[in-house]
Amino acid sequence: MAAVSFVSTASFFPTRRAGLAASLAIAGLLALSTAARAQDAAPAPAPAAAQAPDAAPQASETLTAPTGKKRKQQKDEKVVQSKDTKKSLQKTRKSDVLAGVDSTLPDKALYDKAIEATKKGHFDVARLDLQTMLNTYPDSQYQMRAKLAIADSWYHEGGTAALTQAESEYADFRVFFPNAPEAAEAQMRIGDIYFRQMDKPDRDYSKATHAEEEYRRMLTDYPNSILVPEAKQKLRDVQEVLATRESEIAAFYSTHENWAATIARYQTVVDTYPQYSHMDDTLIGLGDAYEAEARYIRSLKSLPEAARSQLEQIYDGNAADAYRKVVLDHSAAAHVEDARDRLAAMNLEIPVPSQEQVAASIAMENSRHTYKLTDRLGLFILHRPDTVTSARIGEPTLLDPKPTLAPMVSRKVVADFQAAVNPAMAKPVAAAAPDAAAPPADGSTAVTAPVAPAPLQLNEVPSSDAPTGSSINMTVPAGGGGVDHSNGSGVGGEIITTPATAPATAPAAAPTAYEGLKTVGPANTTSLPAIEKPAEAPSSVNDVAGTKQAEAQKPAANGKNAKPEFDKADESSSKHKKKKGLKKLDPL
């Protein structure tokens, strides 16, 4: 029992297995150390006699090694650059064509130092070195590159203030070096500044508008630059954001059944951004808006049948045109089947696109990128606009067509409604247009006289006792009132002049009824009496008789108010003399 307790108390390891493993490890180390000592203590073998003659030739062979082996050895020891290293060097040479050129010159040394500081993120140090180079060497051949490097340092620094300063520097570079190849790069950077600050479509779109303007200026001012493909792609991305904004606003108006605003927004997208990724949805939404207008016309039971059918034909035709455009021009889009179903529901023939239209639609849809995990994370975390599905082929629009506005659509709807209800109003205009534009039969150029406008016609309100349907047609005579109507500048009024022999004061005529309408005015037309002068107020009399006025209240004889008495012994002021002598000590 004593032995067992001794082992348990003296053991260093918590378990027997751990102790056994440690003992085996120590035994192995001891065995290795013993073997190493035995090997060191063993005597070296005596060299053979046959090996002695070979020693000298071996030494001479080492000294007289052939030159070809040295070259092969140096070639084997040479470091071979990998593909990534070569790609990085090519990228550096492309970004900085002056890297390693004239590095011994002092201005070039400052320039290289500033470029290296920019790569490391030391933008203040880089700008200080570049400004020192410009001030010390004003005639340096690297002056243009130094100014561009200053703008690049502001651009890479980022932030609202830094990007604003970078835009100013790039604009100054374009002014000072308009013909330099780097001017296109400066203009491209100005567009990139607004592109970086671009927000989502449902937010402020001013940055996107500025980016679109700058990229369009880049393409128009520098059409031969190597940056043109990149500028076109950036412009497509910006127009994708703007088109998304317009489509979302149109969808909002459609939920509120504001069909005029919906049609205006969708039509603007169709005319301005033809490469929009959701153009099929846009055209279907435009057709649905016209179809909603047609349903509203069908709900008007009081409308004449001819007018209703004419308006239905107009709006159903516009909706069918939008659906057909989806089927023909966007046959590879995702919602082309919805357009076909709508045409079938309208009992219309579904068109078949040509091979060229199908190939163009397939190429456009295949050029768009698909969403990846990195794209979705970037959109979720960075809150940047979605440009993943923007087109990669095609020419972006450089000039915006005239936008379609909601008031224009409303006026068009009203005009169509009036033309359908009252067709006689549109017939003279339609008939006069061909006659005015038709040339004479003999081929000579005839001068047509200006047509005078028709005189205005006023229909009076009939009186209560007049028969139903009676009206008075009041027309202004052609030469009445001394108004010249030959040039068509008359306003349809007649000037009435007062005769010279009229009396100065004529009695007022009693108001009479005119065609059943009462004249506006009071019933009693008698003149009012003259205004009388008010009576004078009675003079005030003192009711207390026999009382005398107090002496203090009596006015002075000379008409001036008497000054109050002043005791110099009691008080002093700036207008009176101060106390003197012992009177100063008298508090009373």
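The values are calculated or read from the model by the stated rules, or taken from the named source; none is laboratory data. Fair warning: this is a prediction, and the values are worked out from it, not measured in the lab. All Cβ positions, even for glycine, are placed from backbone atoms using ideal geometry, and neighbour counts span all protein chains on display. The protein model used for the area step is the full one, side chains on, heavy atoms only, and it has no ligands, DNA or RNA in it. Shrake-Rupley method; radii C 1.70, N 1.55, O 1.52, S 1.80 Å.
Things to note:
- Residue tally, condition part of a helix (DSSP H, G or I) and under 29 Å from the mean Cα position of the chain (by Cα), over the range 135-175: 26
- Count of the range 278-331 residues which are open to solvent by 20 Å² or more (accessible area, probe 1.4 Å), polar (S, T, N, Q) and touching a residue at least 24 places away in the same chain (Cβ under 8 Å): 3
- Among the residues of the range 254-279, the one identified as touching a Gly at 6+ places or on another chain (Cβ under 9 Å), closer than 20 Å to residue 232 by Cβ and of a type in the set (S, T, N, Q) is 275.
- Candidate set: the range 195-204, residues that are under 21 Å from residue 155 (Cα atoms) and open to solvent by 20 Å² or more (accessible area, probe 1.4 Å); chosen: the one farthest from the chain's Cα centre (by Cα): 196
- Just one of the listed residues (269, 228, 238) is open to solvent by less than 50 Å² (accessible area, probe 1.4 Å) and free of Cβ contacts under 8 Å to residues at least 12 places away in the same chain, and it is 228.
- Top-ranked residue of the range 180-194 - restricted to ones that are open to solvent by 10 Å² or more (accessible area, probe 1.4 Å) and touching a Leu at 6+ places or on another chain (Cβ under 8 Å), ranked as nearest to residue 242 (Cα to Cα): 185
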